[in-house]
Structures are given as C-alpha cells and as structure tokens.
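**Q** Handing you this structure, nothing more for now.
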Amino acid sequence: MKTSINFKAAKSDSEAHNFRKKTFDYIRKDLTAKNEYWSEEKLSDRLHKIESYCKEKSGRKLQKNAMPIREAVVVIKDDTTLQDLHNLSKRLEEELQIRIFQIAIHKDEGHFDKEAKEWKPNYHAHMVADWQDLKTGKTLKHQSFHYSKMQDITAECLGMARGTEGSKGRLEAIEFKIKKKEQELLALDEKINGFKSELSSKKFEDLIVKESDFLGFKKIRTDHTLDNYEMVFKTYNVQLSKNKQELEFKNKVIKELQSKNLDIKKEISILKDKLSTVLSNGNIYSSEKIKYLDSVKDTLIKTLQFEKTKLPQLFTGSKEKLIAEINDVCKKVSQANNIPFSAFEEVFKDSENVSQIISLLNFGNSEINYDSEQIPLQQKKKKQRRL
C-alpha cells in the first residue's frame with residue numbers, strides 16, 4: 001500500500017464534507033464515529049487573515065486567480081493517527097512553508113466488492129493548508145522537485161513506503177494473500193485439466209448422430225454430428241480462453257505479491273538493525289527520545305487548542321479543574337494515538353514544556369504559578385509518582 005499527497009484549491013463546501021456537517025449518500029453512517037477531526041480555525045477566518053496580510057505586506061489585494069487555501073487528500077493506513085498527521089504537518093511547514101490548519105481522518109468511505117462480497121474501506125485524510133508565503137504575502141511558489149519532496153515527506157511520516165510501522169503485520173497479510181492466490185491458481189489449473197480430460201473422454205461419443213438405413217445398418221449422420229461437435233467446441237474454447245486469461249492474471253498477481261513480500265522482509269531487517277543501533281548508542285537513543293517527546297508535546301498542544309476551540313470555557317476555573325481537564329485530554333490523546341501515558345509524564349517533567357502549554361492556551365490566571373510539580377498526571381486509577 002502506497003501513500004500520496006496532492007494539493008488542489010479548497011472547495012467552498014470543504015468543511016461541510018470533511019467535518020461531516022452534512023449527510024452524504026456514499027458514506028457508511030455506522031462507521032462515521034471512527035472519523036477524527038482537528039482544526040486550528042475556520043476556513044473563512046483563515047482566508048480573511050490571508051487577504052489582510054497580503055494587502056499589508058505587498059500593498060495589493062490578493063489576486064482573484066490565487067489559490068491561498070489548498071486541500072490535499074492523503075492515502076493513509078487503518079492505524080494512521082492524528083499524531084502521524086501532525087508530524088507530517090510539521091515537516092511540511094519546516095521544509096516547504098506549507099501550514100496545515102485543518103485535518104480530517106475519514107474511515108467511513110469505501111465500496112462493497114461484489115465478487116468478494118465484503119466492504120473495501122477507503123482510508124484517507126483531508127489536510128487543508130494555508131498556501132501563503134509569509135515573506136511576500138503572496139501564494140507560495142513551488143518547483144517540481146518540491147512536489148516530489150512532498151511525496152517523500154508524506155511517505156516517511158506515515159510509515160507507508162518505508163514501513164516504519166506495522167511491517168510485520170503487513171508481511172503476514174501479504175503472505176496470506178499469496179497463499180490464497182496460489183490456491184485459486186491451483187483450482188484454475190484443475191479446471192483447465194478437467195476440460196482437457198473431457199475433450200478426450202467418451203462423453204463425446206454421445207455427440208455422434210447415427211441413423212439406420214433401409215437395411216437396418218447404423219450410419220453416422222456427418223452433418224448433424226459436425227454441428228454437435230462445433231457447438232460443443234465453441235463453448236469449450238470460450239471457457240478455456242476465459243480460464244487462460246484468469247490464469248495469466250493470477251500468475252501476475254502472485255509475482256507482484258511475492259516481490260512485495262521480499263521488499264517488506266528487507267524493511268523488517270533494516271528496522272531491526274536501526275533498533276539495535278538506537279538501543280546500543282546512547283547519543284542516538286537520546287536524540288530519538290527527544291524527537292519523539294517533541295512530537296508528543298506538539299500533538300498534545302494541538303489537541304488542547306482544538307478542545308478549547310470547541311469549548312472556550314473548558315480550561316478556565318481553579319487549578320484543580322485545570323489539572324483534571326489536561327489529565328483527561330492526555331488520556332484521550334494517549335488512547336487515540338497509541339502513545340504510552342509515560343510519554344506525557346516525561347513531557348510534564350520539563351517546566352519549560354509546562355509553561356509553553358499554559359501560555360499557548362492563554363488560561364489567564366496569573367495568580368497561579370503552574371510549574372512542573374503542579375500538573376500531576378494520573379492514568380485511570382493507577383498511582384503515578386508526582387512530577
């Protein structure tokens with residue numbers, strides 16, 4: 001499974017579709033609850049800011065044919081998380097100045113395969129981006145190699161092309177598919193051999209038409225017999241031709257699966273080597289740990305801001321209420337993104353992280369000094385040591 005990302009001008013009904021503000025005929029409503037959403041601000045509000053900034057920076061209005069807000073549909077896996085997409089957003093901003101301000105993960109779209117008689121999901125994410133160049137106020141200008149880099153970044157962040165996640169599971173799935181295809185291939189071989197056997201069997205004697213002459217001797221009616229043989233051979237030829245095409249297709253699929261199987265085995269070997277290197281080298285381990293915790297912090301901050309956007313009064317009130325709300329959000333982010341709860345404990349050990357989170361959310365209670373010892377995270381009912 002390969003991923004891709006392609007940006008186009010955002011449509012006026014983008015939010016209605018992405019955030020399921022309307023009902024659509026092509027979605028499965030029973031799966032809509034599995035969708036996930038994140039938004040920094042509304043599309044109309046961001047567009048207004050872009051237009052104002054363009055006039056302030058360049059002295060001119062934004063051109064009518066400009067596409068300052070663009071949207072991409074990104075192919076994802078069934079276990080892709082918002083954290084993965086936030087990491088992708090961060091890389092796109094750092095390396096290509098593309099700023100993502102809305103994300104929607106859709107798991108309720110797909111189609112029913114009539115032959116397999118099963119639901120084929122179309123897992124994807126919508127990422128809405130601010131395409132404004134902050135230096136000029138105009139829209140960003142990218143070259144072809146930038147778009148190529150965009151694909152590389154996406155594949156790397158989502159772990160799909162290089163298999164940074166779930167390789168073993170995908171390997172087992174591919175091996176299962178190979179076995180299934182090989183069984184189908186065997187069945188086709190048996191079917192073809194069956195036809196060949198029938199062609200040489202005595203069943204064809206029944207096609208011979210005989211009539212008695214005036215002396216009572218049996219004679220073959222050549223015309224009727226040939227008609228029977230012609231009709232049967234036409235039927236068999238059509239069936240044999242169809243089976244041959246199916247056979248060639250199955251062979252092609254098996255070769256492709258076997259090739260992919262080998263690629264994933266190589267990926268697993270590389271990942272094992274990387275893991276061994278990371279664990280055996282203290283400097284590399286420290287660097288990887290810092291990078292991971294930064295990703296956890298970024299995901300937490302974006303989730304907190306999104307929750308505050310939905311409920312502006314959520315993080316107001318006493319210190320105890322604030323701690324409880326942050327603790328609940330940490331639990332939710334931990335579960336939704338498969339992040340160990342201990343990672344949040346590590347984040348809140350750093351007083352600078354705590355200050356950054358508080359200031360970004362602008363809680364507005366200057367009388368409370370929220371240092372790292374004042375946000376004791378608790379996971380469920382298990383006792384956690386104070387940070």
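**Q** So what is the orientation-averaged projected area of the stretch 39-98, using the convex hull of its C-alpha atoms, in nm²?
**A** Over all viewing directions, the stretch 39-98 projects a mean Cα-hull area of 5.4 nm².
**Q** What part of the accessible area of the stretch 297-352, given as a whole %, is carbon or sulfur when the probe is 1.4 angstrom?
**A** Roughly 52 percent of what the probe reaches on the stretch 297-352 is carbon or sulfur.
**Q** Within 10 Å of each candidate Cβ there may be at most 13 other Cβ atoms; applying that plus a DSSP loop requirement, which trypsin sites (Lys or Arg not before Pro) in the stretch 99-136 survive?
**A** Those that pass, being in a loop and sparsely packed, are Lys114, Lys117, Lys135.
**Q** Assuming 0.36 nm per residue, please report the length gained on full extension of the stretch Phe19 to Ser44 beyond their Cα-Cα distance.
**A** 7.5 nm
**Q** If N is the number of residues in the stretch 11-66, what value comes out of its Cα radius of gyration divided by 2.2 N^0.38 Å?
**A** On the way: Rg = 16.2 Å, N = 56, 2.2 N^0.38 = 10.2 Å.
Its radius of gyration relative to the 2.2 N^0.38 Å reference: 1.60.
**Q** Still on this model: Over 18 Å between Cα atoms: which of Lys2/Lys260; Lys8/Lys64; Lys64/Lys138; Lys2/Lys297 fall into that group?
**A** With Cα atoms farther than 18 Å apart: Lys2/Lys297.
**Q** Just to verify a number: FRET efficiency for Asp30 and Val73, C-beta to C-beta distance, R0 = 22 Å, to 0.05?
**A** About 0.45, to the nearest 0.05.
**Q** State the extension gain, in nm to one decimal, for the chain segment bounded by Gln239 and Asn122, taking 0.36 nm per residue of separation less the distance between their alpha-carbons.
**A** 38.7 nm
**Q** Holding the Cα-Cα limit at 32 Å, pick out from Lys11/Lys77; Lys107/Lys252; Lys114/Lys149; Lys90/Lys310 the pairs that are longer than that.
**A** Result: Lys114/Lys149 exceed 32 Å.
**Q** Could you work out how far apart the two model spin labels at Glu109 and Thr309 are, taking each label as a point 7 Å from the Cα in the direction of the beta carbon, and quote it in nm?
**A** 2.0
**Q** Identify the chymotrypsin sites (Phe, Trp or Tyr not before Pro) of the stretch 1-110 meeting these criteria: DSSP loop state and at most 12 other C-beta atoms within 10 Å of the C-beta.
**A** Details: sites: Phe7, Phe19, Phe24, Tyr26, Tyr37, Trp38, Tyr53, Phe101; in loops: Phe19, Phe24, Tyr26.
Passing sites in the stretch 1-110 are Phe24, Tyr26.
**Q** Restrict the search to the stretch 18-58; then list the trypsin sites (Lys or Arg not before Pro) that DSSP places in a loop and that have at most 13 other Cβ atoms within 10 Å of their Cβ. List each step's numbers first, then the result.
**A** Working: sites: Arg20, Lys21, Lys22, Arg28, Lys29, Lys34, Lys42, Arg46, Lys49, Lys55, Lys57; in loops: Arg20, Lys21, Lys22, Arg28, Lys42.
Here the trypsin sites (Lys or Arg not before Pro) that fit, given the DSSP loop and packing criteria, are Lys21, Lys22, Lys42.
**Q** I'd like the carbon and sulfur percentage of the solvent accessible area for the stretch 1-110, probe radius 1.4 Å, heavy atoms only, ligands and nucleic acids excluded.
**A** Working: 2940 of 6140 Å².
It is 48 percent, rounded to a whole number.
**Q** Mind checking the full-extension length gain between Lys255 and Glu51? Use 0.36 nm per residue of separation minus the Cα-Cα distance, one decimal, nm.
**A** Gain on extension, Lys255 to Glu51, equals 68.1 nm.
**Q** Please give me the summed charge of the neighbours of Trp119: other residues whose Cβ is under 15 Å from its Cβ, Lys and Arg +1, Asp and Glu -1. Spell out each step's value before the answer.
**A** Numbers: positive: Arg28, Lys29, Lys34, Lys107, Lys114, Lys117, Lys120; negative: Asp30, Asp78, Asp108, Glu109, Asp113, Glu115, Glu118.
Charge balance in the 15 Å sphere: 0.
**Q** Can you tell me the FRET efficiency between Leu247 and Gln143 if r is taken as the Cβ-Cβ distance and R0 is 41 Å, rounded to the nearest 0.05?
**A** 0.35
**Q** Run the simple label-point estimate for Asp263 and Leu96 please: 7 Å along Cα→C-beta, distance reported in nm.
**A** 2.1
The values are calculated or read from the model by the stated rules, or taken from the named source; none is laboratory data. No experiment lies behind these values; they were computed from the predicted model shown. All Cβ positions, even for glycine, are placed from backbone atoms using ideal geometry, and neighbour counts span all protein chains on display. Accessible surface areas use protein heavy atoms only, side chains included; no ligands, DNA or RNA. Shrake-Rupley method; radii C 1.70, N 1.55, O 1.52, S 1.80 Å.
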